[in-house]
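What follows is calculated from the coordinates using simple rules that are stated; it is not laboratory data. This is a predicted model, so every value here is computed, not measured. Virtual Cβ from ideal backbone geometry, glycine too; neighbours counted across all protein chains shown.
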Amino acid sequence: MDIYNSARVGAGIFASKDGPSVMSTGQNQTEQRGHTKVDSGIDSGPESTPARWPKRELGRFESEDPDGTTLVVIGGVHGNEPAGLIAAMRVLDTLRAQEPAGFDGRLVVLAGNLPALNLDDKEARYIDFDLNRMFTDEQIAKPASTSVEHGQMQAILAALRDQRTHGDRMIVMDLHTTSSDAPPVVVFEDSLPARLFARQMPMPLYLGFEEELDGLLIDRVTNELGSIAVVIEGGQHFDPQSIVVHEAAIWAGLHAAGILRVDALPHDRRPGDILREAVGDQAYKVFDIRYRKPIEHEDFAICPGIEAGMRIKQAVTPIAIEDGQPITSPVRGRVFLPNMQARKRIGDDGFFIVRHIGEGWIEFSARVRRQEWIHWLIARMPGVYAMDDGSLFVDADLAAVLKRQVFHLFGYRLVRHDQRDGGHGAMRVWHGISAFCRALFRGPIKGGPKYDDLRFWIVRRHRLDHVDH
Ligand SMILES: [Zn+2]
């Protein structure tokens, strides 16, 4: 697809919108009604030189009451994904034009990877490193001058820490788009407060990313700042519909955050209807990530006919070709985020496999994780060690029998795990009983296990499950 042609269609959407828009008059827009000078980043051709996205905070709209909730919308964490920012600027425009009664709180729009966003190369996801894999203690400890993205990460973190100090609570929506054509989704760490927020959006919910990927921005926000944080994948990179979806998601987010009811403003189309139409029959369905395939050779290519959402068979269906070999998945499930980027690098995500989780399991999980005595009991089981930092070390044989889904049910996140298999059916029960008995008769390890003792998985309760909101 010619991205500039499709981008011009995107520009047309803005032009058709009623009322003034910071986006509506083409390239390198100048100041309007005191707004920040911002260009859409999509409707300008490669010849433009001034920065399309000039600074970190692109705008805000707030009520006079300093308390209340702050919704931070961040877009362009990947440089080739400006759709979320364009949508956010549209929302700010509408709010400023309409000044709706009942707006209680704050909407702040932040740009992600500014140097990558402002490159003429519209396919540039990042300059040196993938910014959305860098928010780890290890990378944060490095100086901002280490790489372009280290500098960007420090600046984004500083902006978010600053926002966290205002108002009662902060919620972060990190807006992305995908290389493959796929319906929009919400991705988040599965805490009860985050569920409550995300389930007010009629979209499919994807859990467990943070277990497969280190250094996600939303993971940092959730676990350092104690704030609800979600990723919205809004559609394909340069599809103008992705902007429409992201705008609907922001209105839905303002509603879910209690900042502005979605019916407080007239919308050409109701945001909920836009989202429902975009996701088809997927609204409110929950999926759990079960596997991530990292790219190991640069010739990695998704097989023809493989699409997001497609069911695949464990160790049978070829999903990609890499180094001349067909690549299958060690687990069954559905393909998610197949990497169809124009440029791929070793270490990038090749594809994910996800599994659908039934509604009953979700409800059951919400009930059991509120039972503090269950957590008390788990921490005192033979083979389980409660550490000072709140994490649990679990005998890997026992953990493999319990499996990822049981920890998830109880609201635990896998911090360290391996692919060992606890077996199926009667074998699984037998393995479980023997692992339990071994742990019981061995007795506790004096002083607890060492951190690098790989006989143990490490799990931890979702932080937001036991933080007040
Ligand atoms: Zn992205």
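Consider a paramagnetic label point 7 Å from the Cα of residue 454 along Cα→Cβ; state which residues of the range 361-399 have an amide N under 17 Å from it.
Backbone N within reach: 394-399.
Looking at the chain, how many pairs of lysines come closer than 20 Å at the Cα, when each pair is eight or more places apart or spans two chains?
The number of close lysine pairs in the chain is 8.
Express the C-alpha Rg of the range 371-466 as a ratio against the empirical globular expectation 2.2 N^0.38 Å, rounded to two decimals.
Cα Rg divided by the expected 2.2 N^0.38 Å: 1.03.
Packing-wise, with mean Cβ within 10 Å as the measure, how do 321-329, 122-130, 83-91, 162-170 rank, highest first?
83-91, 122-130, 162-170, 321-329
Would you mind estimating how fast the chain diffuses translationally, via Stokes-Einstein at 25 °C and 0.890 mPa s with the Kirkwood radius over Cα pairs, in µm²/s?
Result for D is 105 µm²/s.
Just from its helices, what would the mean residue ellipticity at 222 nm be for the chain, if runs of 4 or more DSSP H residues each count -39500 (n - 2.57) and the sum is divided by every residue, rounded to the nearest 500 deg cm²/dmol?
Taken over the chain, the calculation gives -10000 deg cm²/dmol.
Can you give the charge dipole size of the range 419-469 about its Cα centre, rounded to the nearest 20 debye, using +1 on the beta carbon of Lys and Arg and -1 on the beta carbon of Asp and Glu?
Magnitude of the dipole: close to 200 debye.
Mind listing the Cα extents of the range 357-420 along all three principal axes, in Å, largest one first?
Extents along the principal axes: 30, 28, 19 Å.
Name the residue farthest towards the positive end of the dipole of the range 325-469 from the options 432, 410, 338, assuming +1 on Cβ of Lys and Arg, -1 on Cβ of Asp and Glu, about the Cα centre.
338
Please report, ordered by residue number, every helix of the chain (full DSSP H runs) that is 18 Å or longer along its axis going by C-alpha atoms and whose mean Kyte-Doolittle hydropathy reaches -1.0.
Within the chain the helices that satisfy the rule are 3-16, 83-98, 148-164, 240-256, 396-409, 425-442.
In whole angstrom, how far apart do the alpha carbon centroids of the range 410-456 and the range 166-186 sit?
Spelled out, the Cα-based centre of one part sits 35 Å from the other.
So if R0 is 45 Å, what FRET efficiency would residue 442 and residue 67 give, r being the distance between their Cβ atoms, rounded to the nearest 0.05?
0.25
Quick one: pull the percentage of alpha-carbon pairs in the range 40-157 with a separation above 23 Å.
When all Cα pairs of the range 40-157 are counted, 37 percent exceed 23 Å.
About the Cα centre, and with charges only on the beta carbon of Lys, Arg (+1) and Asp, Glu (-1), how big is the dipole of the chain? Nearest 20 debye, please.
Around 1520 debye, computed over the chain.
To one decimal place, what orientation-averaged projected area in nm² is obtained for the convex hull of the Cα set of the range 287-357?
If you wrap the Cα atoms of the range 287-357 in a convex hull and average its projections, you get 4.2 nm².
Reported to two decimal places, what Rg/Rh ratio describes the range 162-230 when computed on Cα atoms with Rh from the Kirkwood expression?
My calculation puts Rg/Rh at 0.97.
Divide, for the range 190-256, the radius of gyration over alpha carbons by 2.2 N^0.38 Å, where N is the residue count.
Against the compact-globule rule of thumb, the ratio is 1.17.
Packing-wise, with mean Cβ within 10 Å as the measure, how do 191-199, 225-233, 343-351 rank, highest first?
Taking the mean over residues of other Cβ atoms within 10 Å, the ranking is 225-233, 191-199, 343-351.
Report the rotationally averaged projected area of the range 231-321 based on its alpha-carbon convex hull, in square nanometres.
Mean shadow area of the hull around the Cα atoms is 8.3 nm².
For the range 297-308, in order, what is each residue's ³J(HN,Hα) by Karplus, 6.51 cos²θ - 1.76 cosθ + 1.60 with θ = phi - 60°, in whole Hz (x at glycine and Pro)?
Per-residue couplings from phi come out as 9, 5, 7, 3, 9, 5, 5, x, x, 7, 10, 4 Hz.
Expressed as a whole number of Å, what is the distance separating the alpha-carbon centroids of the range 52-85 and the range 309-329?
Rounded to whole Å, the Cα centres lie 39 Å apart.
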